[in-house]
Amino acid sequence: MSNTIKIILIILGLILLSVILHFNPLENLVGKVPFLGGLYDKTVLTITSKRGTLNITIDDKDYGQTPTSIEDLKPGQYTVRLERDTDSEDLYEEESFLINLYPNTESIISLEIAPEGFKSGHILYYTSNTNDLDNRGELTITSNAHNTDIYINKTNIQENTQFLEPGEYEIKAQAKGYEPIEFPVIIREGYNLNTDIYMLPIPVDFD
């Protein structure tokens with residue numbers, strides 16, 4: 001085979017590959033290869049509770065108790081139900097959350113379920129970011145408390161959406177009448193880290 005024919009075949013191959021990738025993104029193609037697809041679609045969901053033990057149900061399937069890391073879930077959206085393991089069932093309410101699991105990421109639920117429907121902790125999960133962020137990642141924060149002050153590495157931010165360089169950051173949230181909360185997050189390039197914060201009201205002392 002002459003060099004000219006080889007060059008033509010290479011060019012035709014590159015054109016064909018470009019067309020295939022245009023209509024089938026690489027992540028979809030990799031996911032169709034059994035071994036590579038399993039590696040590419042790997043997700044981790046870690047659920048912990050600082051006080052007490054929580055019973056875990058995901059899409060109506062029992063996943064034991066906290067603390068645990070679950071690695072057999074495919075990317076997608078799941079309904080996570082958490083119930084405090086206690087004899088005082090009337091004192092604690094079951095909590096339910098919709099959470100997205102994105103390929104090759106770890107989602108975290110760190111939550112304490114308190115009496116009377118209160119809860120404290122944070123939920124972290126990544127979603128894809130289609131914005132042009134110039135090698136940065138996005139951080140989106142929500143809080144259950146009104147007028148929450150959010151600090152990133154001790155700097156007070158004015159907007160709940162931030163575009164940051166990849167790396168680890170320390171988040172602190174505080175609001176009048178609520179117990180403050182602190183935790184670390186990891187910002188990844190091209191991802192939006194969704195951060196849901198739950199703070200407990202400070203008990204009122206009438207004495």
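The values are calculated or read from the model by the stated rules, or taken from the named source; none is laboratory data. This structure is a prediction, so every number in the text was calculated from the model and none was measured. Heads up, the Cβs are rebuilt from the backbone with ideal geometry, glycines too, and the neighbour counts pull from every protein chain shown.
Residues in the range 93-113 include at least one that is assigned to a loop (DSSP other than H, G, I, E, B), aromatic (Phe, Trp, Tyr) and more than 12 Å from TYR198 (Cα to Cα). Taking the criterion of being small (Gly, Ala, Ser) and modelled with pLDDT of 90 or more, the residues of the range 117-151 that qualify are SER120, GLY121, GLY137, SER143, ALA145. Scanning the range 77-116 for residues that are among the small types (Gly, Ala, Ser) and either modelled with pLDDT of 95 or more or surrounded by 13 or more Cβ atoms within 10 Å (Cβ to Cβ) (or both) returns SER96, SER107, SER110, ALA114.
Here LEU101 clears all of (1) touching a Pro at 6+ places or on another chain (Cβ under 7 Å); (2) in contact (Cβ under 8 Å) with a residue 60 or more places away in the chain except the condition numbered (2). Which residues, taken from the range 47-63, are surrounded by 13 or more Cβ atoms within 10 Å (Cβ to Cβ) and either among the aromatic types (Phe, Trp, Tyr) or over 22 Å from GLY117 (Cβ atoms) (or both)? The one that is surrounded by 13 or more Cβ atoms within 10 Å (Cβ to Cβ) and either among the aromatic types (Phe, Trp, Tyr) or over 22 Å from GLY117 (Cβ atoms) (or both): TYR63. Residues LEU111, LEU73: which one is under 17 Å from the mean Cα position of the chain (by Cα) and over 25 Å from PRO180 (Cβ atoms)? Selected residue: LEU73, the only one of LEU111, LEU73 that is under 17 Å from the mean Cα position of the chain (by Cα) and over 25 Å from PRO180 (Cβ atoms). Checked against the criterion of being free of Cβ contacts under 8 Å to residues at least 24 places away in the same chain and buried (at least 16 other Cβ atoms within 10 Å of the Cβ), the candidates ILE171, ILE152 yield just one match: ILE152.
Give SER120, SER69 a once-over and let me know the one that is small (Gly, Ala, Ser), part of a strand (DSSP E or B) and in contact with a Ser or Thr (Cβ under 6 Å, 6 or more places away or on another chain). Going through SER120, SER69 in turn, just one is small (Gly, Ala, Ser), part of a strand (DSSP E or B) and in contact with a Ser or Thr (Cβ under 6 Å, 6 or more places away or on another chain): SER69.
Determine, yes or no, whether ILE171 is closer than 18 Å to LEU111 by Cβ, outside any loop (DSSP other than H, G, I, E, B) and either at pLDDT 95 or above or in the same structural domain as ILE108 (by TED's automatic domain parsing) (or both). Judged against the criteria, ILE171 is a match.
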